[in-house]
Amino acid sequence: MTISSTTTKASYTGDGVTAAFAVPFAFFGADEIEVIERTIATGAEAPKALATDYAVTGGNGSTGTVTAVAPPPAGVQWHIRRTTKRTQLVDYTPNDPFPAETHERALDRLTAVAQEQDEIAGRGLTLAKTSGFAGTLTFPDPGAGRFLRWNAGGTALETADIAAQGAIALPLPVAQGGTGATAAAAALAALGGAPLAGASFTGAVNEAQGADIASAATVNLDAATGNLVDVTGTTAITAITLSQGRARVVRFTGALTLTHGASLVLPGAANIATAAGDVATFRGYAGGVVRCVAYAKANGKSVAPFAASDLPVGTIVDRVYAEYTTHAS
């Protein structure tokens, strides 16, 4: 026979049902087949045992079948490999007939071994075909807590102690994978990004509800642990601390007074009497000014009182007044 294919292995994914797996390459004996089970999720490998985990039919220079004792479950693969024994048992006797089949079998086994060795070598690390490296690629003995690197001359591999390397000096230059900066704005600029307003971050966005904050004359919303927060209690609030550019959504759990002023600007330029369930959005501006940019009362009513002067000239109020003065005269 001849070996016209270079295939030396095959793999199959388990489904918990299929037990028979074709061996598409020529092999010689059941004990010259290796089966490895690989867990897909982790890459963990476990060799399977002939007779205990599987049986083999075919071979003797041809293809065959591996049959599992229990079908491999989903989530694993069975890798079937040829592992021809590295022995030569053909012995020719002088002046005896020259058995062509015996001679071909010996050549087939040599070819099979060469293919298997080539497959193993193909999974190893190699230099490019055009490499001019003239050093040695011998791997040094491994050691706990050590890593592999090139020596100072770049001519051989060596191991070095990780702990002995010390801390990495910061900031790490861009050429070494860093930004060369410690501030966010400078780091962004170093990487070619647009500058940040104010050249700094004032805090991360956290859309989760933060811990409750008790009402006080001055409420510090910068200290909120989330962008949504409940303000509890009934103490009147005359000021709010909130950095420029930040926004907080506040829900009031009780009745208190929000005092309008130069630093706490409220809708309608007037104080607001809160009720449980009212929701307000505050935004920080320059100079410590905080504005209430939205206010929703729990009862659905408007936060600012309505005045007749808010109506434009020519509305129904004007007409009613004109009709009244005409009949009164």
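Can you spot a residue in the stretch 30-38 that is exposed (fewer than 14 other Cβ atoms within 10 Å of the Cβ), in a strand (DSSP E or B) and touching a strand residue (DSSP E or B) at 6+ places or on another chain (Cβ under 8 Å)? Within the stretch 30-38, not a single residue is exposed (fewer than 14 other Cβ atoms within 10 Å of the Cβ), in a strand (DSSP E or B) and touching a strand residue (DSSP E or B) at 6+ places or on another chain (Cβ under 8 Å).
In the stretch 253-295, the qualifying residues are those that are buried (at least 17 other Cβ atoms within 10 Å of the Cβ) and of a type in the set (Phe, Trp, Tyr), and the one that is farthest from Ser243 (Cα to Cα) is Tyr295. Considering the conditions (1) open to solvent by less than 60 Å² (accessible area, probe 1.4 Å); (2) touching an Asp or Glu at 6+ places or on another chain (Cβ under 9 Å), Thr111 is excluded by exactly one of them, (2).
The single condition among (1) assigned to a loop (DSSP other than H, G, I, E, B); (2) open to solvent by 40 Å² or more (accessible area, probe 1.4 Å) that Thr84 does not satisfy is (2). Of all residues in the stretch 47-58, those being outside any loop (DSSP other than H, G, I, E, B) and open to solvent by 40 Å² or more (accessible area, probe 1.4 Å) number 5.
The values are calculated or read from the model by the stated rules, or taken from the named source; none is laboratory data. Being a predicted model, the structure only gives us computed values, none of them experimental. In this analysis, Cβ positions are derived from the backbone assuming ideal geometry, glycine residues included, and neighbour counts consider all displayed protein chains. Only protein heavy atoms, including side chains, enter the accessible area calculation; ligands, DNA and RNA are left aside. Shrake-Rupley method; radii C 1.70, N 1.55, O 1.52, S 1.80 Å.
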